[in-house]
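What follows is a single structure, written as structure tokens, with notes after it.
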Amino acid sequence: MCVALPGKIIETDGTNGKVDFQGNIVNVNMGVVNAQVGDYVLVHAGCAIEVMKKEMAEEIIELFAELENLHNES
Amino acid sequence: MNLNLEKIIKEIKNYAGTNLKIMEVCGTHTASIFKNGIRSFLSPDIKLISGPGCPVCVTPATYIDKAIKLALKPDCILLTFGDMMKVPGFEKSLSEAKADGANIEVMYSPQEVLKKATSNINKTYILACIGFETTIPAYSLLIEELDKNRITNVKFLTALRRVIPALEFICSTDSEIDAFIAPGHVSSILGSEVYGELASKYKKPFAVAGFEAEHILIALYDLLKQKEKCKYEVHNLYPSAVRPEGNITALQHISRYFTPGPAYWRGIGFIEESGLYLKEKYRKYDAGSFDISDESDKLAPKCRCGEVILGKINPDECPMFAKVCTPVKPKGPCMVSTEGTCGIWYRFS
């Protein structure tokens, strides 16, 4: 139920927009995010809930470094 | 040696310490754990417990009955997410009611009602509004549109639930859970800092995680390390989608239209402040959500969904599981949804 999927904004007027999910273009409400064309947003129930900041691969690599730091790995 | 996934899996597999019970709160995490075979990477000393994170499963049977009653009125049409269709009410599910002639349509987004309502002004559209914080902005954005455009033929039948009071309930009534994987997309709205009070008050580490296998393994590793070092912190391990403070715009938007109140969780009971209800100013949009929760909302005889939702038992410990209760003919709410713990166990285990 709480699944949200990332998609790329191809059009937005700040309130409503169109988001591309691998070729499927969906109308999305943009009312609670501050996002621009080209940004990736997490979309749930037709509503963008957050702007994605990083690619997953990049995030995972950074998390390894952060965890090492947190738990003093060497 | 630099930390990597191989090392993390090795540590999780070779963990030999005190037995750990880690709760993954969100049903989407439960599904990912099964799909990715993550249980096979766990040391026998680590047990993953599925939590109450499926809003469909905790919606009271009385809510279904009320929704059906409204959908049977000739001038009313009920709009619902597909997940809700098979949830058993006291007499029947929405799906069965639709087959018997009730006016019920499945929606992908609450926004769909705007077009329907303006082109059919003689009909009243009732939105079956269920969900946790992830879904609630979609409803508050809709109310804003309705208000702005003075659309009066849309009403909300709400059973909205807040995650933090439910976690507080689990922490305060069941000390068996040692650590929590916090829900990723609920946290996109709420933020990661919101778990800090629970972590320190109940001495339970929290890791906010995404939904890929790597995210979950990283969260498990973090929780093991926190427990080893007696740390009770919140670590945001899904920073691409979760800010420490959450989505402030969304939180402000929710609080403009909704206010907390007591709510009944199917299989659990009442939890204070765990529901969200339309504020007085917007009560004109309510379809009768205030008298839904009541103690008469009993589960089917022998159904142990309440214990499953609280992580006290695994689904296969219920006598009905996979025998008389299956996804095709669910007896309990946890078997209904694709993110209900029993449904996930049935499909993947």
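For the reader, a short list of remarks on this structure follows.
- Residue match in segment B:189-206 (condition: within 13 Å of chain A (Cβ to nearest Cβ) and either modelled with pLDDT under 95 or within 27 Å of B:Val113 (Cα to Cα) (or both)): yes
- Segment B:19-33 residues that are facing chain A (nearest Cβ under 10 Å), paired with ones that are assigned to a helix (DSSP H, G or I) and among the aromatic types (Phe, Trp, Tyr) (beta carbon under 9 Å, 6 or more apart): B:Ala31/B:Phe348
- If only residues of segment A:27-74 that are among the small types (Gly, Ala, Ser) and modelled with pLDDT under 90 are counted, the one that is farthest from A:Gly17 (Cα to Cα) is A:Ser74.
- Checking the stated criteria, B:Arg256 turns out to be within 14 Å of another protein chain (Cβ to nearest Cβ), more than 25 Å from B:Gly210 (Cα to Cα) and either more than 20 Å from the chain's Cα centre (by Cα) or touching a residue at least 40 places away in the same chain (Cβ under 8 Å) (or both).
- Qualifying residues in segment A:34-74 (those that are part of a loop (DSSP other than H, G, I, E, B) and over 17 Å from the mean Cα position of the chain (by Cα)) - the one surrounded by the fewest Cβ atoms within 10 Å (Cβ to Cβ): A:Ser74
- One residue alone among A:Gly14, A:Gly31, A:Gly7 is of a type outside the set (A, V, I, L, M), in a loop (DSSP other than H, G, I, E, B) and more than 9 Å from every other protein chain (Cβ to nearest Cβ), and that residue is A:Gly14.
- Qualifying residue in segment B:142-149 (condition: within 11 Å of another protein chain (Cβ to nearest Cβ), part of a loop (DSSP other than H, G, I, E, B) and surrounded by 22 or more Cβ atoms within 10 Å (Cβ to Cβ)): no
- When the residues of segment A:17-28 are filtered to those that are crowded, with 18+ Cβ neighbours inside 10 Å and within 14 Å of the chain's Cα centre (by Cα), the one that is farthest from the other protein chains (Cβ to nearest Cβ) is A:Val19.
- Every residue from segment B:133-154 that is of a type in the set (D, E, K, R) and within 19 Å of B:Pro60 (Cα to Cα): B:Glu133
- Of the helices (runs of 4 or more DSSP H) that lie entirely inside segment B:164-237, those containing 3 or more residues that are out of contact with any strand residue (DSSP E or B) (no Cβ under 9 Å at 6 or more places or on another chain), without any contact (Cβ under 8 Å) to a residue 40 or more places away in the chain and surrounded by fewer than 23 Cβ atoms within 10 Å (Cβ to Cβ) span B:196-202.
- All positions within segment B:76-110 that are of a type outside the set (Gly, Ala, Ser), more than 18 Å from the chain's Cα centre (by Cα), at pLDDT 95 or above and part of a loop (DSSP other than H, G, I, E, B): B:Asp100, B:Asn103
The values are calculated or read from the model by the stated rules, or taken from the named source; none is laboratory data. On a predicted model such as this, the values are computed, not experimentally measured, just so you know. Reconstructed Cβ throughout: ideal geometry from the backbone, glycine too, with neighbour counts over all protein chains shown.
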